[in-house]
Amino acid sequence: MKRLFVITLLVCLTGRVAAQELYVSTEPASNMAAKAIGIRLNTDLVPLNTKTGVRIGPEVMFGFSQYLMVHANLYGSDYYQQGFKFEGVSIYAKYRFLAFDEPQSHFRVAGYGRVSLINSPLPYSEINLQGDNSGVQGGLVATQLLHKLALSATADISHATNNISNPLMPNAGTDQAGYTFSAGYLLLPKSYTDYKQTNLNIYAEFIGKSSLDGKGSYLDIAPAVQLIFSSRTRVDLGFHKQLAGNLSRISNTSYLIRLEYNLFNAF
């Protein structure tokens, strides 16, 4: 009875999604807890010709309801110059409109979009609204939870516009299709007895982009490991490696380090 009470209390008070749905490179169809605020620090490391480039992306997430969440992002990097430079901002929103929930499983579908205003150069054909391109994006995500395994797929369209001080170059793409498939598995704990238990999750994600302007495509694999402490603090370690493709981009390899802290019933 005590164990059941603890688990029920955790679900009712925090409303957080299953741990194995907290993908590292993509977002699930589920939302964060209503009335919660999440704070993230995203660090991307990219091997370049003469150095390892670093992009820092502070992020604040708001769970307005069980249906709607919004992210606000800032970006800065040394990718295109020697010193660190502020690059721009983006707003991401996701609305969950379909849910079929059962004990230890659920299926959910959401629509999402992003608007970005960026001041980076535009030397590549890939459209990346998280630091490189100004533009808009819209898409759908569907997620299936099966006990300790979570599967998710997304499809979206991105449209790039001129950056603040840099117009689109002749080789730059303006329209792009994106698609992902993600799998997450909860390794620890074997069974829940307390919300303070540490969660260990592993992920395998496949991320593809195809230019609608005929400039090429690529497919990445993105494995990751995740730790969650006391249901509030999260640490992600991820890696991207191109499997195939010919779309010009800043690098075919990248690394991600993310720290996140959640404040439940914050407003």
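The values are calculated or read from the model by the stated rules, or taken from the named source; none is laboratory data. Since we're looking at a predicted model, the values are computed, not measured. With ideal geometry, Cβ positions are generated from the backbone for all residues, glycine too; neighbour counts draw on all protein chains shown. We work out accessible area using only protein heavy atoms, side chains counted, and drop any ligands, DNA or RNA first. Shrake-Rupley method; radii C 1.70, N 1.55, O 1.52, S 1.80 Å.
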Query - Debye equation applied to the C-alpha atoms of the chain, log10 I(q)/I(0) at 0.07, 0.08 Å⁻¹ - result: -0.25, -0.32
Requested in this report: Sketch the reach of a paramagnetic label on Tyr192 as a point 7 Å from Cα along Cα-to-Cβ, and name the residues of region 213-234 whose backbone nitrogen lies under 15 Å away.
Outcome: 228-233
Query - DSSP-assigned coil residues among chymotrypsin sites (Phe, Trp or Tyr not before Pro) in region 121-222, each with at most 15 further Cβ atoms within 10 Å - result: Tyr192
Report task. Mind putting a number on the dipole of the chain about its Cα centre? Charges go on the C-beta only, +1 for Lys and Arg and -1 for Asp and Glu, and I need it in Debye to the nearest 20. Result -> 720 debye
**Report entry** Loop-exposed trypsin sites (Lys or Arg not before Pro) per DSSP, neighbour cap 12 Cβ within 10 angstrom, longest uninterrupted part of the chain
**Finding:** 52-189
Report task. Heavy atoms only, probe 1.4 angstrom, no DNA, RNA or ligands counted: give me His147, His71 ranked by accessible area, highest first. Result -> His147, His71
Report task. Per DSSP H run of at least 4 residues, take -39500 (n - 2.57); add these up for the chain, divide by its residues and hand me the 222 nm value, nearest 500 deg cm²/dmol. Result -> -1500 deg cm²/dmol
Requested in this report: Assign unit charges at the C-beta atoms only (+1 for Lys and Arg, -1 for Asp and Glu), then state the dipole size of region 86-214 relative to its Cα centre in Debye, rounded to the nearest 20.
Outcome: 420 debye
Report summary line: Filtered hits (lysines, Cα-Cα < 17 Å from Lys35, offset >= 8 within chain) -> Lys94
Query - Computed E for Lys148/Leu74 - FRET, C-beta separation, R0 45 angstrom, nearest 0.05 - result: 0.80
Report summary line: With +1 at each Lys and Arg Cβ and -1 at each Asp and Glu Cβ, the charge dipole magnitude of region 54-149 around its Cα centre, to the nearest 20 debye, comes out at 160 debye
Report task. Find how many whole Å separate the alpha carbon centroid of region 136-181 from the alpha carbon centroid of region 191-267. Result -> 15 Å
Query raised in the report: With every protein chain kept in the model, how would you rank Ser158, Ser248 by accessible area, 1.4 Å probe, largest at the top?
Result: Ser248, Ser158
**Report entry** Nearest-ten-degree value, helix 2-14 long axis tilted from longest Cα axis of the chain
**Finding:** 40 degrees
